[in-house]
Structures are given as C-alpha cells and as structure tokens.
Amino acid sequence: MKRVLLLGGTGFVGRHICEHLARLGWSMTVPTRRAANASAVQHLPRLTVLEADVHDEATLRQLLVGHDAVINLVAILHGDEAAFQRSHVELPEKLARACLTTGVKRLVHVSALGAEPAATDTAPSRYLRSKSRGEAALQQAAAQGLQLTVLRPSVIFGADDRFLNLFAALQRVFPVMPLAGAGARFQPVWVEDVARAMVHCLQDTRTIGLTYELGGPGVHTLKALVQLAGRAAGVPRPVIALPMAIGRLQALMMELTPGQPLMSRDNLDSMKVDNVLTGRVPGFAALGITPTGPAAVAPAYLGNDDPLLALRSRFRRR
C-alpha cells in the first residue's frame with residue numbers, strides 16, 4: 001500500500017484528490033491547522049488527519065517520515081508580499097529540503113497557469129511572481145535529486161468552487177453585474193480533471209521532471225463566464241464592463257471589507273496576461289485525459305445553490 005502526504009488536502013482541490021486516492025486504496029495523511037477543517041475528508045478510509053503547522057520545517061520532516069510521496073496544494077489568492085512569499089516560495093523551499101533530507105523525493109506540486117521560473121521578476125502580479133519563484137526553487141531542488149512534477153492549472157471550477165458559485169450568488173442578489181477585467185481570457189478546468197491528472201502523475205514515473213499545463217476545452221472571457229454562471233443558475237443579469245481605473249477602485253474597496261475579498265487589485269494584475277494554455281509544455285492529452293468544460297458541468301450544481309451561501313462564505317472573518 002502506498003502512502004502520500006497531502007499539503008492543502010482539506011481545500012477545494014485537495015478534497016477531490018483524497019477521494020480519488022481513497023478509491024485506489026492509497027493511505028493518506030492530511031495535516032491541517034485545525035482538525036475541524038478536515039470534516040469533508042476525515043470519513044475517507046485510510047486517511048489520517050493531523051493538526052500541524054506545515055510552515056515549520058522540522059514539522060515537515062516529521063510528517064514526511066513513512067510516506068512514499070507528497071502533494072503540495074497550498075496556495076493563497078489574496079495577501080501582501082510577505083503572505084505570498086510565505087505560502088508560494090518559502091513553503092516549497094522548506095518542503096524540498098525536508099524531502100531531500102528524509103529521502104521522500106517524489107513531489108507533485110500545483111503551481112498556476114501563467115507562472116514559470118523565467119517570470120520571477122516579470123510576471124504582472126504578486127501571485128504569479130511568487131508562484132514562479134516557488135517553481136524556480138523546486139527546479140533547483142530537482143537538480144539535487146527531487147523527483148518533481150509540476151502542474152499549472154487555469155482557474156478551477158466544480159460543485160464547491162468559489163468561482164462560478166460566487167458569480168451565480170451575486171446575480172441572485174444584484175440586478176446588474178459591474179465587472180472589472182471583463183475581457184480577461186481563461187481556460188477553466190474542471191476540478192475532477194485536475195484530480196485525475198494529479199493522481200496519474202503520482203502513479204506514473206514517466207511524468208517526473210515534467211511540467212504540465214491544465215486547461216479546459218474552451219477559452220472564455222471573464223464576462224462570458226459570469227454570463228454562463230447566471231444562465232446556469234437561472235438568474236442571468238446584464239454584465240457591465242468597468243474601465244480599469246474604476247475596476248481597480250472597486251477592487252480596493254473589496255480589499256477593505258472583512259474576510260476574503262471578492263476581488264483584489266493583485267487579481268486584476270494577474271488578468272493582464274491571458275490565463276490560457278501556451279502549448280510550450282504538455283497538457284491533458286499527454287496524460288490521456290479529455291477535459292470537460294464548464295457548460296457541461298456547471299448547470300448541475302449552480303441551479304440548486306443557496307442564494308447567499310457563496311457570499312456568506314466569502315465575507316466570513318479570518
């Protein structure tokens with residue numbers, strides 16, 4: 001029986017990966033700051049939840065003992081420079097050192113579309129620059145023996161996402177949708193396809209040393225995705241594209257609200273580059289996976305949501 005350590009295993013993507021690995025009979029360890037965060041996965045067979053601070057390097061070394069591989073899903077979308085550095089750069093650095101020290105050298109790391117080691121200083125947002133620095137650090141460790149696979153997904157959607165669900169919830173509440181970055185282009189990817197790709201990479205040693213871009217079958221503007229969410233939820237609203245200056249002011253006001261903001265200025269900066277496949281590295285086809293687009297999946301889960309559920313979850317205090 002194989003054993004894997006999942007950092008970020010209680011999150012949106014992590015929960016789906018845990019379910020896939022449980023069906024395959026893998027043993028899993030999921031560390032979390034609070035055990036209550038793991039309620040969605042703790043019922044799975046052969047899964048152990050541990051309260052631990054994964055940002056502590058000594059703790060990482062202890063957690064790795066007895067495992068065959070590790071998956072790193074830890075990421076944040078909002079924060080200052082120090083927060084992005086801590087989650088996207090320092091944690092991968094600590095994890096790489098812990099892997100090499102303990103001999104658990106197999107690592108599958110989730111980065112982001114638009115990140116690459118060559119863009120550590122040139123990417124347009126703190127998010128993408130930090131993701132790029134994290135990749136660069138791991139590539140350096142790979143030169144020392146780390147068996148690394150990197151996945152770069154586009155924006156991820158699924159039944160419990162905070163993306164299409166949020167846009168649907170907003171349209172249930174507001175008569176119009178003023179939208180910053182309306183023309184930004186995405187290639188949204190279904191969470192189940194991402195989970196299948198990660199499990200494939202974990203099992204297939206031929207993926208070691210490779211980077212994969214994961215995008216769905218179609219390219220959509222942000223405006224089109226908001227409209228899709230509204231139609232699927234039965235509440236289509238007019239979408240009004242905001243000029244960038246007004247959009248940045250809107251994002252600033254959202255940053256000042258309690259809890260996780262709906263949008264930040266750094267999010268808008270990330271949208272300055274298309275979040276679509278470059279074709280420079282392999283994708284789903286190389287993994288034998290045919291991706292599913294949002295139009296085929298979203299109506300099944302957006303039509304039944306509590307109108308204010310996504311809004312309440314986003315405005316919870318930290």
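Every number in this text was worked out from the coordinates using simple rules, so none of it is lab data. Everything numeric here is computed off the predicted structure, so don't read it as measured data. Methodologically, a virtual Cβ is constructed for each residue, glycine included, from the backbone with ideal geometry; neighbour enumeration extends over all protein chains shown.
Protection proxy ranking for 252-259, 15-22, using the average of other Cβ atoms within 10 Å per residue and placing the highest first: 15-22, 252-259. Contact order for segment 1-65, expressed relative to its length and based on alpha carbon pairs under 8 Å spaced 6+ residues apart, stands at 31 percent. Could you compute the net charge surrounding residue 124? Neighbours are other residues with a C-beta less than 15 Å from the C-beta of residue 124; K and R count +1, D and E count -1. It works out to a net charge of +2. Helix 126-142 versus the longest principal axis of the chain: what is the Cα-based angle in degrees, 0 to 90, to the nearest 10? Helix 126-142 sits at roughly 20 degrees to that axis. Pairs with C-alpha atoms separated by more than 21 Å, drawn from the list 131/223; 94/272; 131/272, are 131/223; 94/272.
Net charge in the neighbourhood of residue 135 (other residues with Cβ under 9 Å of its Cβ; Lys, Arg +1, Asp, Glu -1) is +2.
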